[in-house]
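See below for the structure under consideration.
The values are calculated or read from the model by the stated rules, or taken from the named source; none is laboratory data. Keep in mind it's a predicted model, so treat the numbers as computed, not measured. In this analysis, Cβ positions are derived from the backbone assuming ideal geometry, glycine residues included, and neighbour counts consider all displayed protein chains. Surface areas here come from the heavy atoms of the whole protein model, side chains and all, with no ligands, DNA or RNA. Shrake-Rupley method; radii C 1.70, N 1.55, O 1.52, S 1.80 Å.
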Amino acid sequence: MSAFLLRCFILVPALLAGACGPASPKLPRLAADSVVLAFGDSLTYGTGAAEQESYPAQLEQLIGRRVVRSGVPGEVSAQALERLPAALDEHAPRLLLLCIGGNDFLRRLGNPQAESNVRAMVKLAKSRGVDVMLIGTPQPGFSVTPPEFYAAIAREFRLPYEEGVIGEVLRDSSLKSDQIHPNARGYRVIAERLATGLRKSGAI
């Protein structure tokens, strides 16, 4: 009987752990002087709001770490991939917040191209010892949700992934400056969600 109980004590926690699924990806804690590089297109630049109202500027206030805003309006993922090495060299970030792909979708350049370029950017950052948090960019359409490849890349590289916030903002007219860009309140929502994700990951 005691052997049976012992097996139960061993098996039950293991079964419960399996039922909960894999643990959320973790990040090393960011030192007080760490640089976070927010990299992407107009959503990172902050189109539709003042510079100090962009999500990187608001996130910097929320997490107490320097957040560099490196967004280029209109940029597609292929251009971002070309630009990323110089940005990593210039800013030497500890963490990359990667939000790119929306212009590929708007220009109908094909999801495979965006997927390949996003994966290449993640690989490049990680090869330089830079951690990555991935932010899904929604496709135009009724649901305003990101393509599945973002989640697949996040699983492949064990990245913290913020999937829903941009779509949620763009579905709420009170949070938008136009059809594809948030306003200051919308960028605040994005910054708050990312700050929550960074806390959950252990980065702050």
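With the charge dipole of the chain set up from +1 on Lys and Arg Cβ and -1 on Asp and Glu Cβ about the Cα centre, the Cα lying farthest toward the positive end among the listed residues G102, M133, I166 is that of M133. Here the 3J(HN,Hα) profile of the range 186-192, calculated from phi with Karplus coefficients 6.51, -1.76 and 1.60 at θ = phi - 60°, is x, 5, 5, 4, 4, 4, 5 Hz, Gly and Pro shown as x.
Reducing the range 142-167 and the range 51-83 to their Cα centroids gives an inter-centroid distance of 18 Å.
Phi angles across the range 39-55 convert, under the Karplus curve 6.51 cos²θ - 1.76 cosθ + 1.60 with θ = phi - 60°, into 3J(HN,Hα) values of 10, x, 10, 5, 5, 7, 4, x, 3, x, 8, 6, 4, 6, 9, 5, 5 Hz, Gly and Pro given as x.
In percent, rounded to a whole number, the relative contact order of the chain is 25, using alpha-carbon pairs under 8 Å and six or more apart.
Taking every DSSP beta bridge that has both ends in the chain, the antiparallel portion is near 5%.
Helices in the chain, meaning DSSP H runs of at least 4 residues, each add -39500 (n - 2.57). Divided by all residues, the mean residue ellipticity at 222 nm is -15500 deg cm²/dmol. For K26, the aspartates and glutamates whose Cα falls under 17 Å of its own Cα, not counting residues fewer than eight places away in the same chain, are D131, E156, E162, E163.
Take the chain with all the other protein chains still there, run a 1.4 Å probe, and you get 49 Å² of accessible area per residue. Could you tell me which of rounded, prolate or oblate describes the range 114-204, using a ≥ b ≥ c as the square roots of the eigenvalues of the alpha-carbon gyration tensor, with rounded for a/c under 1.5 and, failing that, prolate when a/b is larger than b/c and oblate otherwise? Judged from the Cα gyration tensor, the range 114-204 comes out oblate (a/c at least 1.5, b/c at or above a/b). Labels on offer are (1) 155; (2) 112; (3) 144, and the one holding volume of the Cα convex hull per residue in Å³ computed from this structure is (3).
For the peptides 179-190, 91-102, 163-174, residues were scored by their other Cβ atoms within 10 Å and the scores averaged per peptide; the highest-first order is 91-102, 179-190, 163-174. E156 contributes about 100 Å² of solvent-accessible surface, heavy atoms of the protein only, 1.4 Å probe. Only Lys, Arg, Asp and Glu carry charge here, each on its Cβ (+1 for the first two, -1 for the last two); on that basis the chain has a dipole of about 660 debye about its Cα centre. Rolling a 1.4 Å probe over the protein heavy atoms of the chain, with every protein chain left in place, gives an accessible area that is 56 percent carbon and sulfur.
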